[in-house]
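S.K.: Handing you this structure, nothing more for now.
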Amino acid sequence: NQVIYTSFGLSLVFLVLSVFQNLYTPVLSDLMDQSYKILLARVPRATFFSILAHFIALKSTLYIYTILSQSSIGSYGYILSMIAGQMIDSILFFSGVFWGSSFRDLGEMVLVSLVIKSTMILLSDPLIRVISYLKKRKGA
């Protein structure tokens with residue numbers, strides 16, 4: 001829990017800095033100022049929803065893992081909880097940042113993101129197990 005709150009706090013600092021960056025005008029006579037503002041217009045919104053989605057997803061992952069670890073699923077409950085947490089993260093993030101987009105477009109963004117994240121979770125599990133095994137073997 002402490003790691004989750006620390007991560008959340010640092011993300012809030014980044015949000016404040018991104019808002020400052022968006023309000024800051026580099027040079028008053030800069031002809032690119034309008035392009036700069038257009039480019040960074042979504043940064044505070046994206047940062048806010050990134051922080052919110054990240055925080056809720058981490059808390060949800062922890063909660064789901066707690067439930068699954070006590071069930072018959074056993075040691076693979078952490079994989080399911082991470083995938084569920086990433087699904088929550090993707091839904092909250094894309095819905096918030098791209099509010100007003102069509103449901104189909106949002107669904108497609110969430111689905112692609114979830115496929116990528118789930119693939120990484122599933123590929124990282126055996127890799128982590130092999131590294132852990134090699135470390136134990138080397139230390140023994």
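We did not get these values from a lab; they are worked out from the coordinates using the rules stated. Note that the structure is predicted; figures quoted are calculated from it, not measured. Glycine also receives a Cβ, built like all others from the backbone with ideal geometry; neighbour counts cover every protein chain displayed.
S.K.: Which ³J(HN,Hα) values in Hz, rounded to whole numbers, follow from the phi angles of segment 95-111 under the Karplus curve 6.51 cos²θ - 1.76 cosθ + 1.60, where θ = phi - 60° and Gly and Pro get x?
M.R.: 5, x, 6, 10, 4, x, 6, 5, 4, 5, 5, 4, x, 5, 4, 5, 5
S.K.: Return the FRET efficiency for the residue pair residue 11, residue 75: r is the Cβ-Cβ distance, R0 is 25 Å, and the value is rounded to the nearest 0.05.
M.R.: It comes out at approximately 0.25.
S.K.: Grab the Cα-Cα distance for residue 121 and residue 3, subtract it from 0.36 nm times how many residues apart they are, and report the gain in nm with one decimal.
M.R.: Result: 40.5 nm gained on full extension.
S.K.: What shape does segment 82-121 take by its C-alpha gyration tensor, where a ≥ b ≥ c are the square roots of the eigenvalues and a/c under 1.5 counts as rounded, a/b above b/c as prolate, and the rest as oblate?
M.R.: prolate
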